[in-house]
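Input: a single structure, listed below in structure tokens.
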Amino acid sequence: MHKRSFQLFATFLCFFAGISLTYAVDRPVSDTTAKDTSSIKPGFLKKITLSGVFQARYTVSLNKDVDVNGTHQADAEKEVVRNSFSIKRARLQVKAQVSDRFQAGVLVNFADFASDPKGKVLENAFITYRWNDAINFTVGQFRPSFGLEDLYPVDIIQSMDFSNQYYAFGNNGWQSFQVGVSMFGSFRKNTQLPVKYAISVVNGNNRNQVSDDDNGKLGSARLEFGDMNKLSLGLNGGIGAVKRYSVYALGVDFSGVIPLAEKFDLQLQSEFKQGTNHRLFYGLADSLRKGPLSDYLMHGVYLLPNFRYKINYHKLTSIEVSMRYEYFNEDFRHSGNARRTYIPMVSLAFLKDYGGRIQLGMQIDNYDRDIPGTKTHNSNLMIVQVQCRI
């Protein structure tokens, strides 16, 4: 998209965001109001929602020359750490319902302090406003809607973690936590087919940045038809400018729930995405680049079937078995090193909405070509993860 077109588009959204900022659906768990509420007008009682998730892991590498992070250790004399306990996530989220329309939210992940916290820790920081079901706005740092995995938190997915394509497209500014503005809504009344949409304009240089790193912006849109709890189809597309050069991304996703018996169902999810890998292009030295930016393209697809048996035994609510297969290539135009990932998993869910969870799974990575001393190497990790949601 031409730079001036992006400026006009961003100005349009920001103008409306200045009038009305967005809406995020949540069920408040506690109210904090003044002791004397007689002078407060109805609709302006402040409500605070506190939530969070804790995930702890025990990881074992089944390859003697690969550590628990999936990195190959080329030095044969170096001791390889092949099993370890770790904290995957320790998130705390606060949402303030300022009025019946305004809401603000902050999400932090304290587990990021275990490594270099620069550019991490703070994940969400946004203001939202609900005009009506069809027109809502968000401004700040949030996850723009560009696929199934942007629609729910990682603690309720039917696998051990988000997909490889999610992290790659997030690194390129289309998914994960970005700074910008979004307009979204749904059309449900007087229609047999529910329709949702989301339009976002973001800096595209990821979270916790002082400002954009160039004058370009990434604009994306999503259309979703149907109900994810029954059958839904999502269409995603985006265009933008990075250092004055055009980039794009597109995708299609499918999800559905197929009842197999009274307490037994199959949940299916699948996504395909393709786009410019500008982070890879600009990360290479000029002498190593093969052609222009438009030749550096990534694509990937995954299929995630999850069999769920609902049970009511004390606090145990369901037993689930899933198997995610994913193909991802970060540079397929130049015979890139394709990665195939298999993640079988058995999960015991406790309480409502995965309030408690025990997961046992494996992450099996197979590359076309192994690169010694890096994560681009075949590996087999066994993972036991315990989760608790507040």
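Below, the figures for the structure above:
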{"quantity": "Links that overshoot a 27 Å alpha carbon limit, given the list LYS118/LYS243; LYS273/LYS315; LYS78/LYS290", "calculated": "LYS273/LYS315; LYS78/LYS290"}
{"quantity": "Rounded accessible area of ASP227 (nearest 10 Å², 1.4 Å probe)", "calculated": "50"}
{"quantity": "Rough spin-label spacing in nm, given labels placed 7 Å along Cα→Cβ, for ASN366 and VAL252", "calculated": "2.7"}
{"quantity": "Zone of PHE113's modelled label, taken as backbone nitrogen in the stretch 69-101 under 13 Å from a point 7 Å along Cα→Cβ", "calculated": "90-92"}
{"quantity": "By accessible area with a 1.4 Å probe, ligands and nucleic acids excluded, highest first: order of TYR313, TYR167", "calculated": "TYR313, TYR167"}
{"quantity": "Length added when fully stretched, ILE311-LEU260, from 0.36 nm per residue minus Cα-Cα", "calculated": "16.9 nm"}
{"quantity": "Gain on full stretching of the segment that runs from TYR152 to ASP295 - 0.36 nm per residue minus C-alpha separation", "calculated": "48.2 nm"}
{"quantity": "Cα-based reach from LYS46 at 19 Å (exclusive), listing aspartates and glutamates while leaving out same-chain residues under 8 positions away", "calculated": "ASP26, ASP31, ASP36, ASP100"}
{"quantity": "Cα-based shape type of the chain, given that a ≥ b ≥ c are square roots of the gyration tensor eigenvalues and the cut on a/c is 1.5", "calculated": "oblate"}
{"quantity": "Charge dipole magnitude, Cβ of K and R +1, D and E -1 - the stretch 283-325, Cα centre, debye nearest 20", "calculated": "280"}
{"quantity": "Helix-derived mean residue ellipticity, 222 nm - over the chain, DSSP H n ≥ 4, -39500 (n - 2.57), to 500", "calculated": "-2500 deg cm²/dmol"}
{"quantity": "Straight-distance crosslink candidates among aspartates and glutamates, where the alpha carbon sits under 13 Å from LYS120 and sequence neighbours closer than 8 are dropped", "calculated": "ASP112"}
{"quantity": "Accessible surface ranking that places the most exposed of ARG308, ARG279, ARG222 first, with a 1.4 angstrom probe", "calculated": "ARG279, ARG308, ARG222"}
{"quantity": "Only Lys, Arg (+1) and Asp, Glu (-1) charged, at Cβ; the stretch 73-121 dipole about Cα centre in debye", "calculated": "320"}
{"quantity": "Sequence-distant lysines (8 or more away, or on other chains) whose Cα lies within less than 22 Å of LYS47", "calculated": "LYS35, LYS95"}
{"quantity": "Accessible-area composition of the chain, carbon plus sulfur, in percent [1.4 Å probe]", "calculated": "60"}
{"quantity": "Size of electric dipole in the stretch 145-292: Cβ of Lys, Arg +1 and of Asp, Glu -1, about Cα centre, debye, nearest 20", "calculated": "440"}
{"quantity": "HIS299, HIS278, HIS314, reordered so the largest accessible area comes first (probe 1.4 Å)", "calculated": "HIS314, HIS299, HIS278"}
{"quantity": "Hypothetical label at TYR197: residues of the stretch 134-153 whose amide nitrogen lies under 14 Å (7 Å Cα-Cβ projection)", "calculated": "134-137"}
{"quantity": "Paramagnetic reach from PHE162 (point 7 Å along Cα→Cβ, amide N under 15 Å) across the stretch 123-145", "calculated": "123-125, 141-145"}
{"quantity": "Euclidean distance between Cα centres, the stretch 257-291 to the stretch 103-178, Å", "calculated": "16"}
{"quantity": "Charge-dipole axis of the chain as Lys and Arg at +1 and Asp and Glu at -1 on Cβ define it, positive-most pick from SER220, VAL68, MET183", "calculated": "MET183"}
{"quantity": "Percent of Cα pairs exceeding the 15 Å cut-off, where the set is the stretch 303-344", "calculated": "59"}
{"quantity": "Computed accessible area, PHE254, all protein chains, 1.4 angstrom probe, square angstrom", "calculated": "80"}
{"quantity": "Computed accessible area, ILE364, all protein chains, 1.4 angstrom probe, square angstrom", "calculated": "40"}
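The values are calculated or read from the model by the stated rules, or taken from the named source; none is laboratory data. Given the structure is predicted, the values throughout are model-derived calculations rather than measurements. So basically every Cβ, Gly included, is an ideal-geometry build from the backbone, and we count neighbours across all protein chains shown. Note: accessible area is taken over every heavy atom of the protein model, side chains too, but ligands, DNA and RNA are not part of it. Shrake-Rupley method; radii C 1.70, N 1.55, O 1.52, S 1.80 Å.
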